[in-house]
Amino acid sequence: MSDRRRRRLRVRGVVQGVGFRPFVYTTATELALAGEVGNDEAGVLVEIEGAAAALDEFADRLRRPPPAATVDSVECTDMAVRDISGFRIVGSTPAGGGRTPVPPDIALCAACALELRDPGNRRYRHPFINCTDCGPRFTITASLPYDRERTSMADFGLCGSCVREYSDPADRRFHAQAICCPGCGPVLACSEPGTGDPLSRARALLRAGGILAVKGIGGYHLACDAADPAAVAELRRRKRRGDKPFAVMVPDLAAAEHIARVDASAAALLTGPARPIVLLPRRDSSGGARAAPDFVPADSVAPGSPDLGVLLPYTAVHLLLFGLPGDPPGPRVLVMTSGNRGGEPICYDDEDASTRLTGLADARLSHDRRILVPCDDSVLRVVDEVELPVRRSRGYAPVPMALPMPVPPTLAVGGDVKNTCAFADGRTAWLSQHIGDMDDLATLHAFDLAERHLERLTRVSPDRLVADAHPRYRSAGWARRHAGEREVRTVQHHHAHIAAVMGEHGLDAAERVLGFAFDGTGWGPDGAIWGGEVLAAGYPGYRRLAHLKYVPLPGGDVAVRRPYRMALSHLWAAGFGWPEHLAPVRACPPDERGVLEHQLRTGLGCVATSSMGRLFDAVASLADVRHVVDYEAQAAIELEGSARGASLGTVGYRFPVERGTDPAVIDPAPVIAAVAEDTARAVDAGVIGARFHAAVARLVVELALDYADIARTVILSGGVFQNALLLSTTRTLLRDQGFTVLCPQRLPPNDGGLALGQVLAAGAG
């Protein structure tokens, strides 16, 4: 009796555009198996036959795919043997009864980087070098299955050499859909006049202190020499950046270690396939030796920030900007910031760039490969060796997330700040790249584009739309306008924060948790602005257990931009008065002080808030750290920076909790009074900051112990928990008390994670 068998294997996961079919071909050939492999809408389909033992080994190897691939499942069906010979890759088919995710854009791999530097290689200095293991994917893909004709690379015909590589199973570019070379495009161009190739002219402009617009994978960056204070200042002026930090790009990991403290976890992120911006403690602020002057970013790159956003080159264009051996020396550290003015979405279209980037950049380094959807750089930090996303975008979107329960076809539109949207169906959700803040018309257009693109890629036709419960959110308004006959559900902001983390960690539908949702702004059903919330929560709903005591938010957004107003509001609510020696009192002009006093006394132009983010602002102003902000959370970031490494001394702050009400009320007044008294005694701002962080952490533990009979699993989320000092301290104290602590690790704790929480809360409700 013959031992020959035939099987059909359905492989689902991130298995298109990541070299999976060539991997299948090579594996089958090594095991002397016959058959074929192809892409369809559901993933990868393999029909294969041969010896039973070899087939078992083949199926086992499929579960150990190439680095950029992710296998979610392998379904196996026995078939009738056909006695065929040979193995082949077949063309993609449109039918498959399912969906397969498009992979994210993948950073330049080591093999391509070596070829780029090799004068004997035909792709020496080729700005668009890529292979099955690296290169653009998400931003050039129009639809699935993932094949060249459905990407913007369809604009470029393949030369004979590339055709041979594409067709050779032994070649690293076997079935690499973005394959190209100097002979078949794309083509780089520089608008800077002069002699030499485009990159030589671009490097010369940067060396001379100019500002260069660089077209990358997901849009344009603005670049300048980060070690040149004049160039950084001019870029900041043109971009209307205020004091918001710039990210910097350095050529390699050794250079990153010159300017920042890089532990093993951060190094893995910096050099991994996603290549995000990683927030790292500055080297020169930690007592380490400073690097040579041309390696050190100017102080104006990230003024007042304790951290530096660092990223490594993720395309050949980036590496070539730094120069290869034999090139004239260029800048060793570059500002690399999104190509836009403050508040606008990133510029990605060439025609748009010709107008929007005029006046921002002195020249453009561009190319003729179309970007089909914009995608900003991702931003992460590492806290206690655990990833904490700040912005999930390039390198991560649109990798799907498994859901702990099935949901109907759904579109969740997220929030108005750091917006992302999400499509979901069954047990899978796909989150978009970072879109931005919805207070700009251009961002609403960017939302339209991202939503349509993701709907095409996921093929989810939503039966319902889900939005934040805030009645005036632009995202919720978009949902209502586009719903047609479909249902629009709303989810409370802080419930969505907690549900997102529950879903990320795979908690089941019956689970209950204690959720601490600390952020700046979220609409509460009582009409107040929530933000210091303790919730007993599950997917279907929540109960508000406790919150920060309401104080007036005078002037709404004006108070957000001027932390001294929040400090004066908290002092007024605490009955402390406004003595002239206090920093926020001095910071507030006398005329404005009179108007503010009238607002607080009459309630004119005030809304009640329980925001922990605004409390951080108030303490930062009281400690004389920051009174006016240029960007979100600037005051809190600088307060955290001052507190790192500071001693608490013998004095501690404490939040009393009024437990006679439902919900309980956390009173910040004694902490405000203690901070004011410390400032009067000229206590260092760092010590005040450290005491305040410790007090907030102890408050969380105290309340968790109060409500431990409800749940022993604690979730920490909301933008305030981007604060590394607070997160680390709180998590450690909770674990010491035996709690299971869950924090965001794949999605940001800020509003960039809301869409997943909306999907799950609406799906369970």
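The values are calculated or read from the model by the stated rules, or taken from the named source; none is laboratory data. Since this is a predicted model, take the numbers as computed values, not measurements. FYI the Cβ positions are ideal-geometry reconstructions off the backbone, even for glycines, and counts take in every protein chain you see.
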Subset of the stretch 535-559 [farther than 20 Å from Leu760 by Cβ, of a type in the set (A, V, I, L, M, F, W, C) and surrounded by 23 or more Cβ atoms within 10 Å (Cβ to Cβ)]: Ala546, Leu548, Val551, Leu553, Ala559
Got a number for residues in the stretch 138-183 being surrounded by fewer than 18 Cβ atoms within 10 Å (Cβ to Cβ), part of a loop (DSSP other than H, G, I, E, B) and without any contact (Cβ under 8 Å) to a residue 40 or more places away in the chain? 6
For residues that are at pLDDT 95 or above and either in contact with a helix residue (DSSP H, G or I) (Cβ under 8 Å, 6 or more places away or on another chain) or part of a loop (DSSP other than H, G, I, E, B) (or both), tally how many sit in the stretch 191-202. 2
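Right, Asp377: buried (at least 21 other Cβ atoms within 10 Å of the Cβ) and touching a Pro at 6+ places or on another chain (Cβ under 7 Å) or not?
It is true that Asp377 is buried (at least 21 other Cβ atoms within 10 Å of the Cβ) and touching a Pro at 6+ places or on another chain (Cβ under 7 Å).
With respect to Pro22, is the statement that it is surrounded by 17 or more Cβ atoms within 10 Å (Cβ to Cβ) and either touching a helix residue (DSSP H, G or I) at 6+ places or on another chain (Cβ under 7 Å) or under 16 Å from Tyr146 (Cβ atoms) (or both) true?
Details: surrounded by 17 or more Cβ atoms within 10 Å (Cβ to Cβ): yes; either touching a helix residue (DSSP H, G or I) at 6+ places or on another chain (Cβ under 7 Å) or under 16 Å from Tyr146 (Cβ atoms) (or both): yes.
Taking the combined requirement at face value, the residue satisfies it.
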Pair list, Cβ under 9 Å, 6 or more apart: the stretch 269-284 residue at negative phi and modelled with pLDDT of 95 or more, other residue among the β-branched types (Val, Ile, Thr) and not in a strand (DSSP E or B): Leu270/Val262; Val278/Val262; Leu280/Ile259; Leu280/Val262
All but one of (1) modelled with pLDDT of 95 or more; (2) outside any helix (DSSP H, G or I) hold for Val651; state the number of the condition that does not hold. (1)
Take Val232 and tell me if it is under 25 Å from Leu365 (Cα atoms) and not small (Gly, Ala, Ser). yes
Is there a residue in the stretch 80-94 that is closer than 30 Å to Ser432 by Cβ and among the hydrophobic types (A, V, I, L, M, F, W, C)? no
Of the residues that make up the stretch 487-500, is at least one outside the structural domain of Ala536 (by TED's automatic domain parsing), among the small types (Gly, Ala, Ser) and not in a helix (DSSP H, G or I)? no
So Ala682 ticks every box in (1) farther than 21 Å from Arg392 by Cβ; (2) hydrophobic (A, V, I, L, M, F, W, C); (3) touching a strand residue (DSSP E or B) at 6+ places or on another chain (Cβ under 7 Å); (4) surrounded by fewer than 24 Cβ atoms within 10 Å (Cβ to Cβ) but one. Which box is left unticked? (3)
Which ones in the stretch 401-421 are closer than 27 Å to Leu269 by Cα and either surrounded by 24 or more Cβ atoms within 10 Å (Cβ to Cβ) or aromatic (Phe, Trp, Tyr) (or both)? Gly414, Asn419, Thr420, Cys421
Hey, any hits in the stretch 577-597 for a residue that's buried (at least 22 other Cβ atoms within 10 Å of the Cβ), touching a residue at least 12 places away in the same chain (Cβ under 8 Å) and within 14 Å of His494 (Cβ to Cβ)? no
Check whether at least one residue in the stretch 435-446 is over 28 Å from Arg261 (Cα atoms), among the polar types (S, T, N, Q) and touching a helix residue (DSSP H, G or I) at 6+ places or on another chain (Cβ under 8 Å), and report yes or no. no
